[in-house]
1. What number of residues in region 17-29 are touching a strand residue (DSSP E or B) at 6+ places or on another chain (Cβ under 9 Å) and either within 13 Å of residue 76 (Cα to Cα) or in a loop (DSSP other than H, G, I, E, B) (or both)?
2. Select from region 56-73 the residues that are in contact with a helix residue (DSSP H, G or I) (Cβ under 8 Å, 6 or more places away or on another chain), surrounded by fewer than 17 Cβ atoms within 10 Å (Cβ to Cβ) and closer than 17 Å to residue 232 by Cβ and list them in ascending order.
3. What helices (runs of 4 or more DSSP H), lying completely within region 141-234, carry at least 2 residues that are within 16 Å of the ligand (Cβ to nearest atom) and closer than 22 Å to residue 110 by Cα?
4. Being in a helix (DSSP H, G or I) and over 15 Å from residue 165 (Cα atoms) is the filter here, so list the residues in region 30-53 that pass it.
5. So is residue 95 under 17 Å from the mean Cα position of the chain (by Cα), over 21 Å from residue 200 (Cβ atoms) and within 14 Å of the ligand (Cβ to nearest atom) or not?
6. What number goes with the only condition from (1) in contact with a strand residue (DSSP E or B) (Cβ under 6 Å, 6 or more places away or on another chain); (2) more than 28 Å from residue 48 (Cβ to Cβ) that residue 95 does not pass?
7. Across region 124-151, what is the number of residues that are surrounded by 13 or more Cβ atoms within 10 Å (Cβ to Cβ) and on the phi < 0 side of the Ramachandran plot?
8. Which members of region 22-55 meet the condition of being exposed (fewer than 13 other Cβ atoms within 10 Å of the Cβ) and at pLDDT 95 or above?
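The values are calculated or read from the model by the stated rules, or taken from the named source; none is laboratory data. The structure displayed is predicted, hence computed values, not measured ones. Positions of Cβ are generated from backbone atoms using ideal geometry, with glycine treated the same way; all protein chains shown enter the neighbour counts.
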Ligand code: C5P
């Protein structure tokens, strides 16, 4: 399968077709930030993200949240259902950080009274602008009904992962998920869920355990991902 041309090769993952219903996702050691303007290769990062992502999809599947996940293959692969990705980055925030604090008068680290669900248009060309429902529908990205389901799914994922990480001494600050449509028309959580796509802080020390370490040059990013993998029982 790996000898074939990838179906798709993104900034940090490559997708290979297994058959008409499933794909193999390869987590590479690449790391990027700022829409790919900052990039590097970090040995061992692909392995850790494949492990962590697989574990988190297993946690969601156990809660009957539909996902594309079918299995993990050591060291850097995930088997998943083939889906059509909806080009919307569904972001959920529990604590103010990142772009929310750049754009609005929230204080970094401030706990939000209730989670914020935010839809961004997944488009490098347009710089991932924030959407509202009307724009998403007008662009034909999703129907009104699908947008409602995206929000519901995102909040269920948040409830599940927030609790899961809390038990491991980690605060789930925010995260991004992508949703796909399966062949039979179901919406499932797809892509990856890893420290590349979440903000995770140590509950006691507030130590940053996610890609912000790379974005802000805070130290060795792989050792932080290793802490996450250990805490949630992957290694
Ligand atoms: O940058 P911002 O604060 O909007 O990011 C919110 C959350 O979504 C962060 O956890 C970030 O890692 C994730 N995200 C992502 N991919 C993007 C944008 C944001 O995984 N393109």
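1. Initially, region 17-29 is screened for residues touching a strand residue (DSSP E or B) at 6+ places or on another chain (Cβ under 9 Å), giving 17-18, 21-29.
The next check asks that each one be either within 13 Å of residue 76 (Cα to Cα) or in a loop (DSSP other than H, G, I, E, B) (or both); those that pass are 21, 24-29.
Qualifying residue count for the region: 7.
2. Once the filter is applied, which keeps residues that are in contact with a helix residue (DSSP H, G or I) (Cβ under 8 Å, 6 or more places away or on another chain), surrounded by fewer than 17 Cβ atoms within 10 Å (Cβ to Cβ) and closer than 17 Å to residue 232 by Cβ, region 56-73 yields only 63.
3. On the way: elements: 144-167, 212-215, 221-231.
Result: 144-167, 212-215.
4. Just the residues of region 30-53 that are in a helix (DSSP H, G or I), to begin with: 45-53.
Across region 30-53, the qualifying residues are 45, 46, 47, 48, 49, 50, 51.
5. Working: under 17 Å from the mean Cα position of the chain (by Cα): yes; over 21 Å from residue 200 (Cβ atoms): no; within 14 Å of the ligand (Cβ to nearest atom): yes.
Taking the combined requirement at face value, the residue does not satisfy it.
6. Evaluating residue 95 over (1) in contact with a strand residue (DSSP E or B) (Cβ under 6 Å, 6 or more places away or on another chain); (2) more than 28 Å from residue 48 (Cβ to Cβ) leaves (2) as the failure.
7. Keep residues of region 124-151 that are surrounded by 13 or more Cβ atoms within 10 Å (Cβ to Cβ), which gives 128, 130-131, 133, 135-137, 139, 141-142, 146-147, 149-151.
If we keep only those that are on the phi < 0 side of the Ramachandran plot as well, we get 130-131, 133, 135-137, 139, 141-142, 146-147, 149-151.
The total comes to 14.
8. Those that are exposed (fewer than 13 other Cβ atoms within 10 Å of the Cβ) and at pLDDT 95 or above: 38, 40, 41, 43.
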